[in-house]
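To keep things clear, I will list the structure first and then write my remarks on it.
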Amino acid sequence: MSGLGGTYLLSAPVANVVRHARVPELAVQVTVDPERVLVAVRDDDPGRPPWPRPPCVGDASGLALLRRLAHASGVRWVWDELRPVGKQVWFELRQDVPLPVSAAVGSGNPRPAAVRA
């Protein structure tokens with residue numbers, strides 16, 4: 001996850017938490033193995049989920065761009081035993097697989113569903 005692309009991908013979910021969840025803390029978890037890097041950003045606001053709408057053609061900002069740049073991405077609810085207590089936005093970058101930059105900036109061609117998790 002080196003370079004400008006990796007830096008942007010990490011900053012997008014962190015900025016989203018700061019801007020929208022407005023919680024006093026967030027947690028970032030990074031898992032690295034020989035095939036991939038998995039990054040998860042968690043907040044403790046079970047309210048409004050990220051990505052309430054599909055990304056628009058030409059949408060080149062925030063989590064919509066993260067969805068187009070990462071090899072896989074998603075949202076997980078964080079639960080205590082009975083109710084949601086937060087959410088976690090995650091994304092994956094695969095080793096030796098170039099980022100799909102051509103699909104990222106307004107081309108109108110989202111990556112194939114088979115590539116997304």
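The values are calculated or read from the model by the stated rules, or taken from the named source; none is laboratory data. It should be emphasised that the depicted structure is a prediction, and the values quoted were computed from it without experimental measurement. Virtual Cβ from ideal backbone geometry, glycine too; neighbours counted across all protein chains shown.
See the values below:
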quantity: Residue in the range 94-115 that is surrounded by 13 or more Cβ atoms within 10 Å (Cβ to Cβ), of a type outside the set (Gly, Ala, Ser) and modelled with pLDDT of 85 or more present; calculated: yes
quantity: Failed item in (1) in a helix (DSSP H, G or I); (2) at pLDDT 85 or above; (3) touching a Phe, Trp or Tyr at 6+ places or on another chain (Cβ under 7 Å), with residue 12 passing the rest; calculated: (3)
quantity: Condition met for residue 32 (within 24 Å of residue 83 (Cβ to Cβ) and either surrounded by 12 or more Cβ atoms within 10 Å (Cβ to Cβ) or at pLDDT 75 or above (or both)); calculated: no
